[in-house]
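**Q** Before we start, here is the structure in question, set down as structure tokens.
Just so you know, all these numbers are worked out from the coordinates, no wet-lab data involved. Values in this document were obtained by computation on a predicted structure and should not be read as measured data. Cβ placement follows ideal geometry from the backbone for every residue including glycine, while neighbour counts extend to all protein chains displayed.
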Amino acid sequence: EEGGEAHGLRGRLVVVSNRLPVTLARKPSGWEVQAGAGGLVTALAPVLRDRGGLWIGSCGQGGEAEASAPFARFSKEAGYRLLPVELTGEEHRDYYEGFSNEIIWPLFHDFQSRCNFEPRYWNCYQEVNRKFARTVAANSREDDYVWVHDYHLMHVAGFLREQGARRSCGFFLHIPFPAPDIFLKLPWRRQVLSALLEHQLVGFQTLADRRNFIRCLQVLHPRAEVWGRGCVVTAGVEEKSVRIGCFPIGIDYAAFAKLAASPAMAAQARAIRQAYRDRTILLGVDRLDYSKGVPQRLRALRSALARHPELRERVCHVQVLVPSREGVGEYQELKNEIERLVTQINGEFTVPGWVPIHHLYRNLSRQELVAYYLASDVALVTPLRDGMNLVAKEYCASNVTETGALVLSEFAGAAAQFQRLGALLVNPYDTEEVADAIKTACCLSRPDRRMRMHKLRENVRRSNVSGWVDSFLDAAFSRHLDDFAPIET
Ligand code: ADP
Ligand code: G6P
């Protein structure tokens, strides 16, 4: 099927995100552009290729300007153009680490006390968004569709208009949108909300996020009208309408299921299980981020081992952490806190031949990650707040044997889809509840696990990431409001 045809997309698709779906590495022979492994790129690549599209973003650590030849080569092979935006050291600090990750990230995940509302960050955020807008304007035409991703770039559409470039723009927020009592703390709340209303379509992960956005809108723009199940807002004096939708993101189900079903993978998973002497393996896989609730999870595990002594020597918790945002203070402190807890808990419970927590602090290849998914009996996905949480979906997609169980935080976007499907939902702040859920998950019967995991996998299969791209673009181009009902969650 030809990507894009079904959507009424006439021009090209221009994707804009802070990060390009590639990494840049300096090799002795010069810069090398390497493909990333994200689900988003898998879903967007066919549309971009078929429409002759364009992806604008940065690589995160500089060097983009020097790497124009490898970028051109990569683009030629990929079949669509990658256009790098290079950030200066100061921009990286104030726009990326500062405004994006010390203000919007904590605030939108309900951690207002972790916010550093530094006015300098706001100025730089606007400058970088202007820079992205200039790049979009210079490299696109009026009939192209501009799809902006995530909280780093909420102002691009507004600056495009300011620069006199008429473009149709859509925005998708991959992280949660907070309730008014939290959002209203943002010193630049009016500017941010108005900037989002510069898009013709604004998409969220869950109905709750969408509802929060509309409630903030009603507080800050009392004249805005919100009507119909088509979710159109007539925003104040200008009488513009903005579609506001809910599009829970999915993963590339087939890629995970296929990889997990290969004989080599079964052997690798078996080797992991043997190394853990066939004990019950509990798995946590997270970017090292305070929103993931890792210390809380470790305390719950300690409580489980204390309150349910029969779990001792029977379970091993494998916690995989991916280094992340190391330039931000809150992240450095978290690493120390987790390491201290792991040491304490292991010190308390270890006996000859059994260590309760195994801690991996590094990136894994897709192959290794899926081997761990497949080898584990229970996935512990307990973020304090999360837009969606793809690890939960990847775990299910990879569990081809349907023998695993999922303990899932009710504050992950994925809980909206998984709550009636057999995930064990928990409040990650409730240590004893999580401890008991760990115990319950370890004791589920074989048929019970199979039934639960089967339902979860069916849901992940049906709502995969290419369907997500289609539903967003369909909503962007549907002519009738009625075509645009919020999709089922
Ligand atoms: P977030 O986007 O906040 O990091 P998600 O759970 O939504 O959280 O997505 C995390 C992504 O990172 C997943 O696609 C997962 O496969 C990937 N990932 C997680 N751990 C590792 C790891 N150790 N090595 C490589 N990729 C990882
Ligand atoms: C979340 C955000 C993404 C971001 C990713 C990794 O998933 O929604 O926009 O790219 O985390 O964070 P990083 O700061 O390394 O890009």
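**Q** Which is farthest toward the positive dipole end of the chain among Gly203, Pro447, Val460, measuring Cα position about the Cα centre, with Cβ charges +1 (Lys, Arg) and -1 (Asp, Glu)?
**A** Of the options given, the answer is Pro447.
**Q** Something else about it: In segment 94-195, how does Rg compare with the Kirkwood Rh, expressed as the Rg/Rh ratio over alpha carbon atoms? Mind showing how you got there, number by number?
**A** On the way: Rg = 13.9 Å, Rh = 14.1 Å.
Rounded to two decimals, Rg/Rh equals 0.99.
**Q** Under a no-solvent Debye model with one identical scatterer per Cα of the chain, what's log10 I(q)/I(0) at q = 0.08, 0.10 Å⁻¹?
**A** -0.50, -0.79
**Q** Return the aspartates and glutamates within reach of Lys258: Cα separation strictly under 19 angstrom, same-chain partners fewer than 8 residues apart disregarded; answer none if there are no such residues.
**A** Answer for Lys258, where 19 Å is the Cα cut-off: Glu368, Glu394, Glu402, Glu458, listed by chain and number.
**Q** Helix-derived [θ] at 222 nm for the chain: sum -39500 (n - 2.57) over DSSP H runs of at least 4, divide by residue count, nearest 500?
**A** Values: 18 runs with 204 residues, N = 489.
One gets -12500 deg cm²/dmol as the mean residue ellipticity at 222 nm.
**Q** Something else now. Taking the Cα centre of the chain as origin, work out the dipole magnitude from +1 charges on Lys and Arg Cβ and -1 charges on Asp and Glu Cβ, in debye rounded to 20.
**A** Details: 61 positive and 57 negative charges, 139 e Å.
I would put it at about 660 debye.
**Q** Quick one: what are the phi-derived ³J(HN,Hα) couplings along segment 171-179, Karplus 6.51/-1.76/1.60 with θ = phi - 60°, whole Hz, x for glycine and proline?
**A** 10, 10, 9, 7, 9, x, 10, x, 6
**Q** Could you work out the pair-distance distribution P(r) of segment 368-489 from its alpha-carbon pairs, with 5 angstrom bin width and percents rounded to whole numbers?
**A** Calculated P(r), rounded to whole percents: 2, 11, 20, 21, 19, 11, 7, 5, 3, 1, 0.
**Q** Just to be sure I understand: of the beta bridges DSSP finds with both ends in the chain, what percent are antiparallel, rounded to 5? All intermediate terms of the calculation are to be shown ahead of the outcome.
**A** Working: 14 of 62 bridges.
Expressed as a percentage, antiparallel bridges in the chain total about 25.
**Q** Now a separate question. Name the helices (complete DSSP H segments) of the chain with a Cα length along the long axis of 27 Å or more and a Kyte-Doolittle mean of at least -1.0, or state none.
**A** 119-138, 329-349
**Q** Sticking with this structure for a sec: Calculate the spin-label point distance for Ser324 paired with Asn427, positioning each point 7 Å from the Cα along the beta-carbon direction, and give it in nanometres.
**A** In this crude label model, Asn427 to Ser324 measures out at 2.4 nm.
**Q** Then there's this: Can you list the aspartates and glutamates whose alpha carbon is less than 18 Å from that of Lys185, not counting same-chain residues fewer than 8 positions off?
**A** Within reach: Glu102, Asp110, Glu118, Asp209.
**Q** Quick one: of the DSSP bridges fully inside segment 205-352, what percent are antiparallel, nearest 5? Mind dumping the intermediate values first?
**A** On the way: 7 of 15 bridges.
Counting only bridges with both partners in segment 205-352, antiparallel ones make up about 45 percent.
**Q** Over the C-alpha atoms of segment 23-160, what are the Rg and the largest Cα-to-Cα span, Dmax, in Å?
**A** 16.1, 46
**Q** Under the rule of at least 5 residues apart or a separate chain, name every residue whose amide H is placed under 5 Å from the amide H of Leu424.
**A** Under 5 Å from the amide H of Leu424 lie the amide H atoms of Leu406, Val407, Leu408, each far enough along the sequence or on another chain.
**Q** Where the Cα atoms of segment 305-377 are projected onto their three principal axes, how long is each span, largest first, in whole Å?
**A** For segment 305-377, the Cα extents along the three principal axes come out at 41, 30, 20 Å.
**Q** At a Förster distance of 35 Å, what's the computed FRET efficiency of Ala37 paired with Arg223, Cβ-Cβ distance as r, to 0.05? Provide the component values of the computation, followed by the final result.
**A** Values: r = 46 Å, r/R0 = 1.30.
Taking R0 as 35 Å, the efficiency between Ala37 and Arg223 is 0.15.
**Q** Looking at segment 398-450, which trypsin sites (Lys or Arg not before Pro) are in a loop (DSSP not H, G, I, E or B) and have at most 12 other Cβ atoms within 10 Å? Numbers along the way, then the final one.
**A** Numbers: sites: Arg420, Lys439, Arg449, Arg450; in loops: Arg420.
Loop-located and lightly packed - Arg420.
**Q** To continue, here is another question. Between Asn363 and Leu184, what length in nm is gained on full extension when 0.36 nm per residue of separation is reduced by their alpha carbon distance?
**A** Numbers: separation 179, 0.36 × 179 = 64.44 nm, distance 3.66 nm.
Additional length available on full extension: 60.8 nm.
**Q** Using Cα pairs under 8 angstrom and six or more residues apart, how large is the relative contact order of segment 74-124, in percent?
**A** Computed over segment 74-124, the figure is 33 percent.
**Q** Moving on to the next point. List, in order, the whole-Hz ³J(HN,Hα) value for each residue of segment 102-109 obtained from phi through the Karplus relation with A = 6.51, B = -1.76, C = 1.60 and θ = phi - 60°; use x for Gly and Pro.
**A** 10, 10, 5, 4, x, 4, 6, 9
**Q** Would you mind checking the pairs Lys393/Lys439; Lys292/Lys439; Lys76/Lys292 and listing those with alpha carbons more than 28 angstrom apart?
**A** On the way: Lys393/Lys439 22 Å; Lys292/Lys439 21 Å; Lys76/Lys292 38 Å.
Those over the limit are Lys76/Lys292.
**Q** A further question follows. What number, in nm² with one decimal, is the all-direction average of the projected area of the convex hull of the alpha-carbon atoms of segment 245-334?
**A** Numbers: hull surface 37.5 nm².
Over all viewing directions, segment 245-334 projects a mean Cα-hull area of 9.4 nm².
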